[in-house]
């Protein structure tokens with residue numbers, strides 16, 4: 001590895017999945033202004049995420065079909081066989 005390109009300020013940070021409230025503690029150099037009290041009673045910076053492995057369909061196995069603007073209907077209409 002090259003020297004001097006990695007941050008030196010790794011610290012414990014709580015990541016919080018905002019879609020389901022799941023939190024986990026890990027090390028990170030990402031900045032955060034907010035803090036949260038963790039299960040061990042200590043206060044750590046918190047980084048809020050929109051999605052994590054606990055809410056992503058690939059990891060949960062719950063494939064959710066989101067049809068914004070009728071994509072399936074557009075596809076069927078476009079490639080429908082003409083009678």
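The values are calculated or read from the model by the stated rules, or taken from the named source; none is laboratory data. Quick caveat, the model's predicted, so the values are computed rather than measured. Every residue, glycine among them, receives a Cβ derived from its backbone with ideal geometry; neighbour counts consider all protein chains shown.
Against the definition (over 13 Å from the mean Cα position of the chain (by Cα) and at pLDDT 80 or above), how does residue 24 come out, yes or no? Here the answer is no, as residue 24 does not meet what is asked.
Do the conditions hold for residue 29, that is, is it at pLDDT 85 or above and out of contact with any strand residue (DSSP E or B) (no Cβ under 7 Å at 6 or more places or on another chain)? Judged against the criteria, residue 29 is a match. Based on what the data block shows, is residue 81 modelled with pLDDT of 85 or more and either surrounded by 13 or more Cβ atoms within 10 Å (Cβ to Cβ) or part of a loop (DSSP other than H, G, I, E, B) (or both)? No, not satisfied. Residue 40 meets the conditions (1) exposed (fewer than 10 other Cβ atoms within 10 Å of the Cβ); (2) at pLDDT 75 or above; (3) not in a loop (DSSP other than H, G, I, E, B) in every case but one. The failed one is (3). Summed over region 1-24, the residues that are under 16 Å from residue 43 (Cβ atoms) and surrounded by 14 or more Cβ atoms within 10 Å (Cβ to Cβ) give a count of 5. Return yes when residue 51 is part of a helix (DSSP H, G or I) and at pLDDT below 90 and no when it is not. No.
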